[in-house]
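Colleague: Take a look at the following structure, please.
The values are calculated or read from the model by the stated rules, or taken from the named source; none is laboratory data. From a predicted model like this one, the values you see are computed outputs, not experimental measurements. Neighbour counts are summed over all protein chains in view; Cβ atoms, including those assigned to glycine, are modelled from backbone coordinates with ideal geometry. Calculation scope for accessible area: heavy atoms of the full protein, side chains included, ligands and nucleic acids excluded. Shrake-Rupley method; radii C 1.70, N 1.55, O 1.52, S 1.80 Å.
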Amino acid sequence: MIKSFVAVDIGNSLIKVGWFENLQTADEPMVDSVWTFQEQEVGNPRWQTALELCSADATWWLASVNQSGLDRVQQWLRDHRPQTNGKVLQSEHLPMSLEGLDPQQVGVDRVLAAMGARSMQVEPLPAIVIDLGTAVTVDAVSATGHFLGGVIMPGLSVGGKALADLTDRLPQVTVDHSGELPPMIGKSTDEAITAGLVWGLIGALETVVRQQREILGESTQVFITGGAAGLADHLPFETTTVNHLCFRGMTAIAKSGNMK
């Protein structure tokens with residue numbers, strides 16, 4: 001079992017770094033050992049200060065869906081931690097069966113999140129894992145722990161940017177998804193776009209989860225993570241909201257020592 005490692009989750013919008021000092025005593029990353037950066041912040045003073053807290057001999061695991069972000073982190077490691085082997089995780093490395101799927105076509109973040117959700121289950125039930133990030137993924141996991149695939153759709157920020165970029169007069173809106181829901185009948189263009197994005201996503205999630213549950217069974221547990229996870233409060237089914245679900249997946253692998 002790996003006792004100490006640095007986990008790096010390189011997403012489309014943000015890079016999250018988690019420092020796991022002792023897996024024998026910690027079940028999950030503590031809040032004060034997780035840092036979030038913009039891609040351009042890699043190597044800046046705040047990055048340097050945070051990473052100085054991590055043991056120089058720690059194992060590094062990198063999970064990325066953003067090649068430019070991965071390149072930045074790997075370059076920093078070559079320049080500042082040349083003795084460190086930063087292992088880039090791929091879906092085919094992970095100890096979760098991909099049911100009839102091509103590992104090259106499944107993002108490693110999706111499989112890690114599924115493994116993180118699986119590690120939280122008291123009994124082996126089917127699961128649906130929702131990640132509300134730049135892209136929204138809704139993935140299905142069987143009761144036997146097989147990753148079955150799922151749905152990918154635009155996140156709130158992507159939808160808003162697409163409307164602004166691909167139309168002549170629609171403005172770019174910033175959606176605040178941490179508070180009250182927008183009114184269903186917008187009184188301005190901004191309000192109408194915000195309502196469309198938020199209520200459209202809620203409706204899509206309702207439909208996808210209902211359809212996946214018809215396949216997996218009504219006992220299916222729903223886990224939700226990501227920057228817009230606050231929307232879970234407005235969904236008509238029970239969910240478990242989890243921070244740093246990819247990190248939980250990495251923790252489960254590190255504790256088991258089971259890496260392909």
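Colleague: Using only alpha carbon positions, build the gyration tensor of the chain, then give the equivalent ellipsoid semi-axes as the square roots of 5 times its eigenvalues, largest first, whole angstrom.
Modeller: 31, 24, 16
Colleague: Give me the net charge for the shell around Asp176: Cβ to Cβ below 13 angstrom, other residues only, Lys and Arg +1, Asp and Glu -1.
Modeller: Spelling it out: positives minus negatives among the neighbours equals -3.
Colleague: With a length cut of 24 Å (Cα positions projected on each helix's long axis) and a Kyte-Doolittle mean of at least -0.5, go through the chain and give me the DSSP H helices that pass.
Modeller: Flagged H segments are 189-216.
Colleague: For segment 141-192, max minus min Cα coordinate along each principal axis, in Å, sorted largest first?
Modeller: Projected onto the principal axes, the Cα atoms of segment 141-192 cover 49, 27, 16 Å.
Colleague: Okay, next question. Which of Gln104, Pro126, Asn243 sits closest to the plus end of the dipole of the chain, meaning its Cα is farthest towards the positive end, when Lys and Arg get +1 and Asp and Glu get -1 on the C-beta?
Modeller: Checking the options against the dipole of the chain, the answer is Gln104.
Colleague: Tell me the per residue accessible area of segment 106-153 using a 1.4 Å probe; a whole number in Å² is fine.
Modeller: Counting only protein heavy atoms, the per-residue value for segment 106-153 is 31 Å².
Colleague: Still on this model: If I compute solvent accessible area with a 1.4 Å probe over the protein chains, what percent of it on the chain is carbon and sulfur?
Modeller: Of all accessible area on the chain, carbon and sulfur atoms account for 50 percent.
Colleague: Sorted from largest down, what three extents in whole angstroms do the Cα atoms of segment 34-89 have along their principal axes?
Modeller: Reported extents, whole Å, longest axis first: 25, 24, 21.
Colleague: For the peptides 156-167, 180-191, 215-226, 39-50, what is the packing order when you average, over each peptide's residues, the other Cβ atoms within 10 Å and list the highest mean first?
Modeller: So the order, starting with the most tightly packed, is 215-226, 156-167, 39-50, 180-191.
Colleague: Heavy-atom accessible area of His146 with all protein chains present, probe 1.4 Å, nearest 10 Å²?
Modeller: Accessible area, nearest 10 Å²: 50 Å².
Colleague: Could I ask something else about it? Run down the aspartates and glutamates and flag those whose C-alpha is under 17 Å from the C-alpha of Lys16, throwing out any fewer than 8 positions away in its chain.
Modeller: Excluding near neighbours in sequence, the set is Glu28, Asp32, Glu39, Glu41, Glu52, Asp71, Asp109, Asp131.
Colleague: Out of all DSSP beta bridges in the chain, what portion is antiparallel? Express it as a percent rounded to 5.
Modeller: Beta bridges within the chain, antiparallel portion: roughly 60 percent.
Colleague: Report the normalised scattering of segment 88-160 as log10 I(q)/I(0) at q = 0.14, 0.27 Å⁻¹, calculated by the Debye formula with identical scatterers on the alpha carbons.
Modeller: Once normalised to I(0) and log-transformed, intensities are -0.42, -1.27.
Colleague: P(r) for segment 117-260: what percent of alpha-carbon pairs falls in each 10 Å bin, starting at zero?
Modeller: Spelled out per bin, shortest first, that is 11, 38, 30, 16, 5, 1.
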